[in-house]
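Trainee: One structure, as structure tokens, below. Some questions next.
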Amino acid sequence: EADIYQTPRYLVIGTGKKITLECSQTMGHDKMYWYQQDPGMELHLIHYSYGVNSTEKGDLSSESTVSRIRTEHFPLTLESARPSHTSQYLCASNPGYSSYEQYFGPGTRLTVT
Amino acid sequence: GQQVMQIPQYQHVQEGEDFTTYCNSSTTLSNIQWYKQRPGGHPVFLIQLVKSGEVKKQKRLTFQFGEAKKNSSLHITATQTTDVGTYFCGGGTSYGKLTFGQGTILTVHP
């Protein structure tokens with residue numbers, strides 16, 4: 001089982017609040033990713049990082065921002081949550097060498113009321 | 001940009017029947033990966049295919065990568081109730097990014 005953690009697992013929050021979704025991995029992986037997934041739907045890449053101080057926007061436009069100050073930590077922030085942000089957010093990582101396998105965290109299910 | 005299409009979107013089978021899902025990319029892929037996501041869970045890696053025409057087997061699961069490296073398939077022989085979930089293909093670039101297909105939701109009736 002991969003060592004990648006996400007907190008909180010569930011979050012219900014009101015419109016306009018600032019939130020940070022945490023993602024940490026203890027595998028020393030350089031590459032990390034954030035995906036957004038609505039129930040029963042495909043995974044959309046919203047942010048990725050190839051290492052410390054490297055962040056890029058993904059294929060799906062998102063109002064969220066990310067940072068990568070430490071290898072193991074890749075938090076995602078929404079400055080002002082809206083109901084349209086209600087979704088599941090999945091964090092993943094891979095070592096970036098020899099294998100492209102992505103290890104997924106358990107996800108954060110976000111509901112904005 | 002790169003697009004990955006996956007069909008069918010849903011598949012209902014009786015336990016013991018076979019199941020196949022197909023994945024097609026608009027561009028040539030560096031690799032293709034398959035993931036399984038159980039209801040309420042997160043995607044779990046099944047396999048990665050890298051070579052043109054590659055075929056890999058895992059017990060009742062057979063994975064194929066097309067000669068042109070633009071399509072792939074996952075075939076499950078004699079489905080079981082434990083096979084229930086959504087199967088995603090992910091088309092990979094050499095930089096490690098994946099573009100996922102829409103997924104196939106498999107339901108197995110006992």
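The values are calculated or read from the model by the stated rules, or taken from the named source; none is laboratory data. Small disclaimer: the values here were computed from a predicted structure and weren't measured. We work out accessible area using only protein heavy atoms, side chains counted, and drop any ligands, DNA or RNA first. Shrake-Rupley method; radii C 1.70, N 1.55, O 1.52, S 1.80 Å.
Trainee: Less than 24 Å apart at the alpha-carbon level, and either on another chain or at least 8 residues along: which lysines does that give for B:LYS36?
Mentor: Partners within reach: A:LYS31, B:LYS51, B:LYS56, B:LYS57, B:LYS59, B:LYS69, B:LYS70, B:LYS97.
Trainee: Once a ≥ b ≥ c are taken as the square roots of the eigenvalues of the Cα gyration tensor of chain B, is the result rounded (a/c under 1.5), prolate (a/b larger than b/c) or oblate (a/b not larger than b/c)?
Mentor: Taking the square roots of the gyration eigenvalues as a ≥ b ≥ c, chain B is prolate.
Trainee: Name the residues of region A:81-104, by number, that are at least 30 Å² less accessible with every protein chain in place than in the isolated chain; the surface is that of heavy atoms, probe 1.4 Å, without ligands or nucleic acids.
Mentor: A:TYR100, A:GLU101, A:GLN102, A:PHE104
Trainee: Oh, and also: Straight-line reach from A:LYS17: which lysines have Cα under 23 Å away, leaving out those fewer than 8 places along the same chain?
Mentor: A:LYS57
Trainee: Hey, can you find the accessible area per residue of chain A for me, probe 1.4 Å, expressed in square angstrom?
Mentor: Per-residue accessible area for chain A comes out at 48 Å².
Trainee: I've got another one for you. State, in square angstrom and to the nearest 100, the accessible area buried between chains B and A, both chains counted, probe radius 1.4 Å.
Mentor: The summed interface area works out to 1800 Å².
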